[in-house]
Amino acid sequence: MDKADITVLIREAFEAQKYSYAPYSHFFVGAALLTAEGRVYRGCNIENAAYSPTNCAERTAFFKAVSEGEKDFTAIAIVGSGGGYVSPCGVCRQVMQEFCRSGEFQIILAKSPEDYRVYDLGELLPEAFICPCAAPKHLTT
Ligand code: THU
């Protein structure tokens, strides 16, 4: 991805953040997931009084996209309200691993459209678990 595309995706993540529902943590997260065909799915974190039903912004974006038939992803941009880079939690990394592969999926952690870091999925989830019997056909090699 070139810098201009990354900037666009980060701006989409900031748009997504506006809908963050975080009355408990007050930590507002937005994500923007880019498909191989160039579509963008936005997601925000959605908290719950019972805490454990809380959904992270990244998973919201993934579940929205997959539920619309998307399975081919290029990158995700993530922004948060804390002033620092928001690195995806372990559960979200595993969800990314379900549909994306090391070397093929970029994770952009952004403080602003100009201040960001780019990681590959393999860097953030090395030695990932892949169940051979459950691997969907489109991901088997
Ligand atoms: N959160 C995300 O949405 N994404 C992350 O990568 C880290 C954490 C949310 C979950 C919860 O609503 C709040 O941030 C505090 O953990």
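The values are calculated or read from the model by the stated rules, or taken from the named source; none is laboratory data. No experiment lies behind these values; they were computed from the predicted model shown. Positions of Cβ are generated from backbone atoms using ideal geometry, with glycine treated the same way; all protein chains shown enter the neighbour counts. Quick note on the areas: whole protein, heavy atoms, side chains included, nothing else; ligands and nucleic acids left out. Shrake-Rupley method; radii C 1.70, N 1.55, O 1.52, S 1.80 Å.
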Between Ile130, Ile107, Ile76, which gets the highest mean-square fluctuation from a Gaussian network model of the chain, Cα cutoff 10 Å? Ile130
In a GNM of the chain with a 10 Å cut-off on Cα contacts, which of Gly43, Gly122, Gly90 has the highest mean-square fluctuation? Gly90
Give me the distance in nm between label points sitting 7 Å out from Cα along the Cα-to-Cβ direction at Phe63 and Tyr21, one decimal. 1.1 nm
Can you give me the Rg/Rh ratio for the chain, using Cα atoms for both radii and the Kirkwood formula for Rh? 0.96
Report, to one decimal in Å, the Kirkwood hydrodynamic radius for segment 9-68 based on all distinct Cα pairs. 11.4 Å
Taking placed amide H atoms and a strict 5 Å upper bound, the residues 5 or more places from Thr54 or on another chain that come that close are Asn48
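Within segment 52-107, list the GluC sites (Glu not before Pro) lying in a DSSP loop whose Cβ has at most 13 other Cβ atoms in a 10 Å radius. List each step's numbers first, then the result.
Numbers: sites: Glu58, Glu68, Glu70, Glu98, Glu104; in loops: Glu68, Glu70, Glu104.
Answer in residue order: Glu68.
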Please report the antiparallel percentage of the DSSP beta bridges confined to the chain, to the nearest 5. 75 percent
Length gained when the stretch Ala128-Lys111 is fully extended (0.36 nm per residue, less Cα-Cα span): 3.4 nm
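Expected output is a single nm value to one decimal: the length gained when fully extending between Ala4 and Asp120, i.e. 0.36 nm times separation in residues minus the C-alpha distance. What is it? Display every interim value, and only then the final one.
Numbers: separation 116, 0.36 × 116 = 41.76 nm, distance 1.85 nm.
Extending this stretch completely gives an extra 39.9 nm.
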Accessible area of segment 45-141 belonging to carbon and sulfur atoms, whole % at 1.4 Å probe: 54 percent
Counting lysine pairs in the chain that sit 8 or more positions apart or on different chains, with Cα atoms under 20 Å apart, gives 4
About the Cα centre, and with charges only on the beta carbon of Lys, Arg (+1) and Asp, Glu (-1), how big is the dipole of segment 51-106? Nearest 20 debye, please. 140 debye
